[in-house]
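Below you'll find the structure, written out as structure tokens, and then a few comments.
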């Protein structure tokens, strides 16, 4: 009897679980992810931890960009079941990246590679997890100020577009009586506009946001993603597939798709709504953006023939207002993942969001020069534009030194619009050039700024006060400042800049005069033991002599060479004389007339500068003092 009761109870419970799961599936298929996740979690509490329920829970949270919970449920699924759908594994990888678990993500990436060897997303991923950390850190050479806009509401706001001092965006702020979208329990999206003024100092001032000026653009369902022609007369936007009775149209599977519409400006209002001809009832078309010359329209679609879940396409806009055939932008842009929210800047740089290239998890913003003929891999913008969450709908309003623009992100919960002001971090290097002997300021010193590769970045001359200045030097780099003036030895200073913008670093230069009294004074020139050939380091010093003689074409010099006391007096006399004459010969080989060198004589150890004569114990340094050459000026 007890057994029959248990069996009956189990049957009733199983029946209840099946019905509950079926209800959850219905909400899921209709994008009611919040309600679906509630029902799936209740099923788990009642004992249903099937692959279907666990992966659906992961999908519910993934689709609403809740990475922590998505990773939790995907993790349960992939660790319990050995043959889950590969797409589940990829979304698990993305969720792990999103919450910063890069090592774990890469472990599962290797599993994904084994299953999906031909997946285009694999070739863009990196085995070195430090790359993800680099993307998550802001570019030290760039200062980017990012602020959430004051026009954001408590619901989703995204998709900025600036035209004639107005910012257009989509928002689910809704109003009393608005229909609610079951995906996230928010009102359906409508298009809004707000005036934007740039105040002194570059700060933006926003007016009050209100629905777009139109009687027909906003429906009871979704509208988003605006693009406006240069003349301001035509607006393209995305909308749910709504019929003339303001009712949703569905395909045979019960799914409603997105379409692109256009409106024209009539007496300040957007009217005359028309659907574009390349829309369809069985796939979505949306996220329009225009080329700078307005001759092409770029958009996103999941139509057949693409590379992945959604791809970016382009269509020609003909002079008569008709459209060409949509063309896929190709595998340089599109992957097996999601490519979305294209935007073409004034310089024809393509910005878009994707989860198919190397990313921090979920959607990241990328840029590409494909429209300029460059098919190299798109570049991830990195932090602070990208985070571990969905980052999308990039728009840049200027391409000058200070770049102003907008992007959208759900990094703080809901989709919000962020404004950014980006500019290079730079510093100033300045100093004074002086005579190292007299401390007098030196005018007309050529000062070169040289980067770490050896390239001369800039050259200036010191003024009458001996000062120089280099502005706009990159932050976080190493440069060398070199000062050169005839009759002086050059001086150089290495400068390492940090990440403090507008910092001023002092780098004074002290140039040693080569002409001192009746001599040309250089550093000691060295010879190998018992040798008199001119070594490279000696040649380097002797070039100072050559420079002075070239600067003063009537100057005549004489050369004296001396040794220390070690060795016999006779031998040292011969050795020093050979060294004096090899020094003379080198100078002559550099194009100096031999008549300008009156003599080159060696004096051996006959003119010691200290006590270190024969038999006196001295240090190496004391002996070195006696090994020297003099270059006397006998005629100016």
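The values are calculated or read from the model by the stated rules, or taken from the named source; none is laboratory data. In this text, all values refer to a predicted model and were calculated from it rather than measured experimentally. Every residue, glycine as well, gets a Cβ built from its backbone with ideal geometry; the counts of neighbours run over all protein chains shown.
Overview of values
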quantity: Residue within the range 348-361 that is within 19 Å of the chain's Cα centre (by Cα), exposed (fewer than 15 other Cβ atoms within 10 Å of the Cβ) and not assigned by TED's automatic domain parsing to the domain that holds residue 99 present; calculated: yes
quantity: Scope the range 19-30; condition crowded, with 17+ Cβ neighbours inside 10 Å and either under 39 Å from the mean Cα position of the chain (by Cα) or closer than 13 Å to residue 58 by Cα (or both); matching residues; calculated: 28
quantity: Number of positions in the range 68-90 that are surrounded by 22 or more Cβ atoms within 10 Å (Cβ to Cβ) and either under 26 Å from the mean Cα position of the chain (by Cα) or modelled with pLDDT under 90 (or both); calculated: 1
quantity: Residue among 190, 185 that alone is closer than 30 Å to residue 24 by Cα and modelled with pLDDT of 90 or more; calculated: 190
quantity: Residue list for the range 463-474, restricted to those being more than 29 Å from the chain's Cα centre (by Cα) and not in a loop (DSSP other than H, G, I, E, B); calculated: 467, 468
quantity: Members of the range 303-346 that are surrounded by fewer than 18 Cβ atoms within 10 Å (Cβ to Cβ) and within 13 Å of residue 370 (Cβ to Cβ); calculated: 327, 328, 330, 331, 332
quantity: Positions within the range 68-125 being more than 26 Å from residue 49 (Cα to Cα) and touching a residue at least 60 places away in the same chain (Cβ under 8 Å), in sequence order; calculated: 100, 119, 120, 121, 124, 125
quantity: Of the criteria (1) crowded, with 20+ Cβ neighbours inside 10 Å; (2) assigned to a helix (DSSP H, G or I), which one residue 65 fails; calculated: (2)
quantity: Any hit, the range 562-581, residues being touching a helix residue (DSSP H, G or I) at 6+ places or on another chain (Cβ under 7 Å) and within 16 Å of residue 633 (Cβ to Cβ); calculated: no
quantity: The lone exception for residue 463 - which of (1) touching a strand residue (DSSP E or B) at 6+ places or on another chain (Cβ under 7 Å); (2) more than 29 Å from residue 579 (Cβ to Cβ) it fails; calculated: (1)
quantity: Segments classed as strands (runs of 3 or more DSSP E), wholly inside the range 475-594, with at least 1 members that are in the same structural domain as residue 625 (by TED's automatic domain parsing) and farther than 24 Å from residue 460 by Cα; calculated: 556-562
